[in-house]
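Report on one structure; see the data block that follows.
Read-outs: derived from the displayed coordinates by stated rules, not from any lab. All values derive from a computational prediction rather than experimental measurement. For neighbour counting, all protein chains shown are included, and Cβ atoms are generated from backbone atoms with ideal geometry for every residue, glycine included.
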Amino acid sequence: MTQPAQSTWATTDDVATFTGTEVTQAQLMQASATIDMHAARTYEDVTRVGTRDQYWMKLAVCFQAAWLTEQPDMFVRMDILSLGSASRTGRGGTSFGPDALLIAPNAKKALSRVSWLKSRSLHVQSPFTDGYGVFGTDPLSSGSDGLYSWESLE
């Protein structure tokens, strides 16, 4: 019998290799679906994904699959914003981030390394901080005095 075509970023063997946890194909597909939602990319897009990003996606799926085995209520738990009662210190209970109970910590770390999920902020070069332009690296230094005409403030 032939093997079915791979339809996720990792295999059950990958999960065992990277985490030491045995998972079923169904658990692997659940983990993969969760990672696909958080990454906003599915395995069908694999031809558009570089090898480094494929590696991080594989790790994310592996970590998520291993984590899911210990989360029996993963797909039925409520989104709790605050929980707990006042203790002797007078402070209340638990507060989780929006994804705290949805994704494995190591899977979240792996996803943070995927190129399309990184910050897209740009560094705008400035002649004052980057050393380009007529002012040199520091317009306030005495070495730049010859570039300006000095006027009395009186």
Review point. Among residues other than residue 53 whose Cβ falls under 9 Å from its Cβ, what is the net charge (Lys/Arg +1, Asp/Glu -1)?
Key: +3
Point to revise | Pairwise label distance in nanometres, residue 55 with residue 33, each label 7 Å out on the Cα-Cβ vector | key: 3.0
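What is the gain in length, in nm to one decimal, between residue 116 and residue 26 on full extension, counting 0.36 nm per residue of separation less the C-alpha to C-alpha distance?
29.7 nm
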Check your understanding: For the peptides 33-41, 109-117, what is the packing order when you average, over each peptide's residues, the other Cβ atoms within 10 Å and list the highest mean first?
Key -> 33-41, 109-117
